[in-house]
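Novice: This structure is in structure tokens; I'll ask about it shortly.
The values are calculated or read from the model by the stated rules, or taken from the named source; none is laboratory data. All values derive from a computational prediction rather than experimental measurement. Here the Cβ is made from the backbone with ideal geometry for all residues, glycine too, and neighbour counts use every protein chain on show.
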Amino acid sequence: MLLVIAAFIVAFVLLLYMISPLISPKPFKLNGAHVVVTGGSSGIGKSIAMECYRQGAFITLVARDETKLVLAKKEVEKCAINDKQVVLCISVDVSSDYGQVESVIKQAQEKLGPVDMLVNCAGTSIAGKFEEVDMDRFKKMMEVNFLGSVYPTRAVITTMKERRMGRIMFVSSQAGQIGLFGYTAYSPSKFALRGLAESLQMEMKPYNIYVTVAYPPDTDTPGFVEENKTKPLETRLISETAAVCQPDQVAKIFVKDTIVTMGLFRTIALFYLCSFDSIVRRCMIQRERAKAADKRE
């Protein structure tokens, strides 16, 4: 009986593997594309910007600290493959006010053209036992890690829909897949990104806009160093069961997944999602026909 079940699972996985290319997006070319990276002044965000620049992209780095932005810009510029590439720096808190975020994204598009790819990498972390974490930190986590991705995404989505193209990446965390000891403030804010991304993907797929979520493991970044200062013993021991990755390694994988493989968030739900996508597309077509009819009248 177990052999039959195992054979069925293997056959099902192989079937999904064969079907997935049919619904995956075409590879996205970074050469000449405008890529906006929030949280781009350090860590994974800066490494993603560098990787995109190596492939010929134009980069807008978004972060709060102007000094770090200037230093990051110099590092990214060293990765240029032609003399036409540009790195633009914008200092803004992406979690504080949507109006400000919308304004700076508009400025970036006026200078470097429409945003082809948005990488939501701005985030922060805190570790501590539930009853020992200050209540305002729970609010701060949601503002930075969740709204800090909602605002930039909202600022670029209309233009992407008009152009019928775009890529959006949300950088979550492995703690956004599994709740862990010491992350009662951090994990929920990262879990929220998955719900946002999956729902948004279903809305945007008919417009040829694809969304992906990255779940980096512990990575050697300034934020990770800061987080280690407050980790409870249990959290630290759990963390030490896996190796710490380098941001350059993580960035290469994330960029490749975003521009090439993307596809679906949950392979097991493939057939359901295909059906749901069909419903969404039919509704979109009906609305467009209705608008066209209204204009004729």
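Novice: So for region 90-108 (the condition being under 15 Å from the mean Cα position of the chain (by Cα) and in contact (Cβ under 8 Å) with a residue 60 or more places away in the chain), does at least one residue qualify?
Specialist: No, there is no match, as no residue in region 90-108 is under 15 Å from the mean Cα position of the chain (by Cα) and in contact (Cβ under 8 Å) with a residue 60 or more places away in the chain.
Novice: Return the residues of region 200-228 that are more than 24 Å from Y186 (Cα to Cα) and of a type in the set (D, E); say none if nothing qualifies. If you could, list the steps in order and put the result at the bottom.
Specialist: Here is the first cut: in region 200-228, the residues more than 24 Å from Y186 (Cα to Cα) are 202-210.
Once the filter is applied, which keeps residues that are more than 24 Å from Y186 (Cα to Cα) and of a type in the set (D, E), region 200-228 yields only E203.
Novice: Let me spell it out: the conditions are (1) modelled with pLDDT of 85 or more; (2) closer than 21 Å to G45 by Cα; (3) not acidic (D, E), and L200 meets all of them except one. Which number is the exception?
Specialist: (2)
Novice: Could you tell me whether any residue of region 229-242 is touching a Phe, Trp or Tyr at 6+ places or on another chain (Cβ under 8 Å), assigned by TED's automatic domain parsing to the domain that holds K139 and within 27 Å of D116 (Cβ to Cβ)? Walk me through it before giving the result.
Specialist: Of all residues in region 229-242, those touching a Phe, Trp or Tyr at 6+ places or on another chain (Cβ under 8 Å) come to 232, 234-235, 238.
If we keep only those that are assigned by TED's automatic domain parsing to the domain that holds K139 too, we end up with 232, 234-235, 238.
When the remaining residues are screened for being within 27 Å of D116 (Cβ to Cβ), the result is none.
Within region 229-242, none of the residues are touching a Phe, Trp or Tyr at 6+ places or on another chain (Cβ under 8 Å), assigned by TED's automatic domain parsing to the domain that holds K139 and within 27 Å of D116 (Cβ to Cβ).
Novice: Taking into account only those residues within region 76-103 that are among the hydroxyl-bearing types (S, T, Y) and part of a loop (DSSP other than H, G, I, E, B), which is farthest from D248 (Cα to Cα)? Outline the logic, then answer.
Specialist: Our first condition is that a residue be among the hydroxyl-bearing types (S, T, Y); within region 76-103, this holds for 91, 95-96, 98, 103.
Keeping just the survivors that are part of a loop (DSSP other than H, G, I, E, B) gives 95-96.
On the way: S95: 26, S96: 29 Å.
Within region 76-103, the match that is farthest from D248 (Cα to Cα) is S96.
Novice: Right, here's the next one. Based on what the data block shows, is T124 over 29 Å from K161 (Cα atoms) and not in a loop (DSSP other than H, G, I, E, B)? Break it down stepwise before answering.
Specialist: Working: over 29 Å from K161 (Cα atoms): yes; not in a loop (DSSP other than H, G, I, E, B): no.
Spelling it out, it is not the case that T124 is over 29 Å from K161 (Cα atoms) and not in a loop (DSSP other than H, G, I, E, B).
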